[in-house]
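Read the structure below first, then the notes.
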Amino acid sequence: MRNLVVTDARGATPFVLTTSNVANFRLLESTYDDLNIPAVQRAGLSMVPFSEIPFDTSVFGPGAKRDSNFDRLVTSAEHRFAKDVTFEVAYLHERTKQWVISPVNNLVLYTGDPNLTIPNPNGSAMPIANPNAGRLYIDAQWKNDDGRTANDVLRGSLALKFERGRFGTHHVALMAEHGEQEQWRYPGREIFVDEQGVPIANAALPENANNFITRRHYITPGSHETYIGGNPDQDITVVRNGRTYRRAWIYQAAPSATTRTMDTFLTATQSSFFRNKLIVTAGVRWDTITFDEYGDSRLGASHPLVLAAKRVLNSLTYTDSVRDTFKYRPVTSTFGAMFHAAPWLSVFYNHGDNNAQQPSNARILPEESLPPPAEGKTDDYGFTLTLLEGKLYTRATTFQTSQNRSAGGTFGINIGGGTYNIAAPSTRILETLVLNNRITAAEQLAHTVGDEANLVATNNVVNKGYEVSTWLNLTKNLTGVVNFSYTETNRSNVFPEFETWFERERAFWNRTPGAGSLVNTTSGTTIDQDAATLQQLAQRLRDFYNFGFGERPYKANVSGRYSFTGGRLKGVFVGGGVRYQGSSKLGRVVDRVTTSGADVYGRTIVGPMDFKMDGFLGYRRRLPLQGRTSELTVQMNVTNLTDED
């Protein structure tokens with residue numbers, strides 16, 4: 001944290017603190033952590049209790065905004081040429097926009113100020129008395145995010161049916177589709193710039209973390225309207241070392257702009273044989289996907305937007321030219337069969353290949369480019385039982401799914417920030433080389449890692465397990481469902497891109513004699529030490545993510561319903577259910593850190609099981625209405641009847 005904008009709930013004039021010399025002036029945040037032990041062994045942040053900040057208090061404050069809108073047009077036309085031949089054509093036109101201002105990572109910190117002195121806001125050498133010593137405050141870094149997406153899709157499909165007697169009945173579907181998508185995204189951050197638009201700290205890299213602003217807002221205890229992490233709508237002008245600074249928004253990383261063209265042809269069949277005792281399904285899909293990724297550049301001093309003070313010198317922007325083109329031709333297929341061995345027993349098997357479209361907002365090393373589509377496959381097999389003349393039906397399935405080189409999604413592995421931020425050590429290395437005239441500023445920019453948004457690591461994911469479901473309809477009045485499942489998740493080959501990138505960059509860092517021993521004046525680390533830190537981060541990341549965080553292997557639920565069909569209670573129905581999820585793995589204790597920086601894990605921290613009971617009560621009857629019969633249903637649902645936490 002380099003720049004603090006300090007605001008006071010009592011209405012004092014805001015001021016800025018540049019904290020590059022915090023070691024001398026002891027500018028600290030008060031936490032329960034012991035700052036004298038390694039960071040990986042500290043307890044970390046904790047949730048604020050309800051007694052301190054009620055849940056209905058929004059600490060984001062009035063500056064947080066979200067504006068989402070979309071326009072969508074869907075048209076289709078269908079024509080039946082013959083009894084067994086149907087054709088359809090459809091067109092989709094869609095435009096979406098989203099603009100967000102919010103705290104970075106939705107993280108707002110509630111803490112206190114123990115400092116008796118602080119650096120002088122005007123930049124002079126002598127500290128001053130802290131007027132807010134001992135007060136509580138809330139602070140946050142703020143971001144804005146602006147994005148647009150445009151989709152146009154034209155699709156034609158044909159459905160056919162063939163009756164071939166003893167050779168079976170066959171349904172065939174054909175589809176052809178052409179789609180075009182354009183999207184871009186501007187992720188932004190707050191920094192300070194002077195009258196000429198030059199950043200307060202790192203002019204060559206305005207998006208460098210040293211330029212980011214943290215807004216600190218001191219609160220009045222008990223007056224919850226003052227409990228906000230600053231207000232990004234509040235413009236700030238400060239004077240420091242004789243220079244006037246103002247707030248400016250810049251792009252945190254290179255804007256993401258891509259166009260995608262996709263041509264798809266698909267055919268699928270369903271066939272029945274032996275008087276419907278054997279049902280077979282199959283399908284094949286061919287895709288040709290082309291991604292055009294637009295380049296980026298930095299705005300020079302003569303750029304009109306810089307001259308007009310509308311953009312910051314050296315800030316990132318799009319170029320009109322395509323930087324990279326990625327073309328993929330994935331082929332996916334599926335096959336399944338169900339055999340009715342007896343009126344009460346059926347067996348089935350399904351196999352499928354899949355190619356997931358890569359996330360357009362994720363980038364991977366070594367080139368910080370779009371990841372390739374993840375490839376995977378799935379297999380499941382099992383049986384069904386129909387007993388008691390259809391009153392009891394059971395389906396049992398064993399399954400395994402896998403996905404290779406998965407990037408982003410619901411389990412993204414961020415390597416551009418957070419605990420395993422490889423951008424920070426590599427940026428220090430480049431800064432050290434520039435300050436020692438070993439590389440040029442242009443080479444520094446060319447080798448800067450993390451200047452693309454959402455830098456992630458890939459990994460392989462395998463899920464396997466089994467599930468059993470039973471449906472009961474024992475009487476006309478009583479119905480029920482019982483489900484049970486077991487799932488195991490394994491991750492492997494985490495961050496395979498690291499070695500290729502690291503070996504290439506290390507050769508560049510050490511291309512001049514003695515470069516490895518050069519010292520960074522801010523961190524006090526040598527290039528060789530920062531390079532070793534990068535290797536440690538990669539290994540720690542792999543150790544950390546080779547673990548099923550949050551996984552609850554065992555799950556079950558039971559629900560039932562009883563309906564009264566006669567007497568005074570006719571039309572009344574009542575029911576309930578039970579939901580169970582087994583214990584989850586929350587993490588592992590770090591017993592110690594080796595001399596090489598590796599974490600040594602101890603016991604696994606296991607969370608409690610999750611058990612809930614639900615209930616419902618309702619009434620249903622038919623009502624005559626204007627000569628027609630209508631149905632009235634009134635129902636009350638109660639979730640978590642026993643109020644389990």
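Values as computed for the structure displayed
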quantity	calculated
Residues of the range 517-618: accessible area per residue with a 1.4 Å probe, Å²	55
Separation between Cα centres of the range 615-645 and the range 100-148, rounded to whole Å	53
For the range 48-92 and the range 310-357, distance of Cα centres in Å	21
Relative contact order of the range 457-554, pairs being alpha-carbon contacts under 8 Å that are 6 or more residues apart, as %	30
Reach of Lys570 by Cα under 19 Å, taken over lysines that are not fewer than 8 positions away in the same chain	Lys476
Crossing angle, helix 423-435 versus the chain [Cα axis fit, 0-90 degrees, rounded to tens]	30
Length-normalised contact order of the chain in % [C-alpha pairs under 8 Å, at least 6 apart]	8
Rounded Å value of the spacing that divides the Cα centres of the range 168-247 and the range 490-524	29
Sites matching trypsin sites (Lys or Arg not before Pro) across the range 55-113 that sit in DSSP coil, with at most 12 neighbouring C-beta atoms within 10 Å	Lys83
Accessible area in the full protein assembly, largest first, 1.4 Å probe, for Asp643, Asp233	Asp643, Asp233
Positive-end residue, the chain charge dipole about Cα centroid, Cβ charges, pick of Tyr601, His178, Ala531	His178
Area of Met613 that stays accessible when all protein chains are in place (1.4 Å probe, Å², to 10)	70
Probe 1.4 Å, accessible area per residue of the range 73-116, Å²	65
Within the accessible area of the range 252-386 (1.4 Å probe), percent carbon and sulfur	58
Residues Ala204 and Asn276, FRET efficiency given R0 of 60 Å [Cβ-Cβ distance, rounded to 0.05]	0.25
Angle in degrees between helix 527-545 and the longest Cα principal axis of the chain, rounded to the nearest 10	20
Sequence of Thr639, Thr458, Thr595 when ordered by accessible area, the most exposed leading, probe 1.4 angstrom	Thr595, Thr639, Thr458
Coil-residue trypsin sites (Lys or Arg not before Pro) of the range 373-460, DSSP, other Cβ within 10 Å capped at 16	Lys391
Length gained when the stretch Arg621-Asp71 is fully extended (0.36 nm per residue, less Cα-Cα span)	193.9 nm
Unit charges on C-beta of K, R, D, E only; dipole of the chain, Debye	2020
Normalised contact order of the range 396-505, rounded percent, pairs of Cα under 8 Å and 6 or more residues apart	32
Heavy-atom accessible area ranking, 1.4 Å probe, most first, across Val312, Val322	Val322, Val312
Cleavage-rule hits, GluC sites (Glu not before Pro), the range 154-244, DSSP coil, Cβ neighbours within 10 Å at most 13	Glu195
Pairs from Lys377/Lys555; Lys143/Lys555; Lys143/Lys464 whose Cα-Cα separation, in the structure shown, is over 29 Å	Lys143/Lys555; Lys143/Lys464
Accessible area (Å², 1.4 Å probe, nearest 10) - Met609	110
Linear extension gain, Lys612 paired with Val104, 0.36 nm per residue minus alpha-carbon span	179.5 nm
Tilt relative to the chain, helix 498-509 - C-alpha long axis, 0 to 90 degrees, to 10	20
Trp99 accessible area, 1.4 Å probe, all protein chains in place, Å² to nearest 10	90
Residue-span extension gain [Glu389 to Phe508] - 0.36 nm each, minus C-alpha spacing	35.4 nm
Residues Glu551 and Asp591, FRET efficiency given R0 of 30 Å [Cβ-Cβ distance, rounded to 0.05]	0.85
Residue-averaged 222 nm ellipticity for the chain, from DSSP H runs of 4+ at -39500 (n - 2.57), nearest 500	-2500 deg cm²/dmol
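The values are calculated or read from the model by the stated rules, or taken from the named source; none is laboratory data. Given the structure is predicted, the values throughout are model-derived calculations rather than measurements. Every residue, glycine among them, receives a Cβ derived from its backbone with ideal geometry; neighbour counts consider all protein chains shown. For the accessible areas, the whole protein counts, side chains as well, though only heavy atoms, and no ligand, DNA or RNA atoms are used. Shrake-Rupley method; radii C 1.70, N 1.55, O 1.52, S 1.80 Å.
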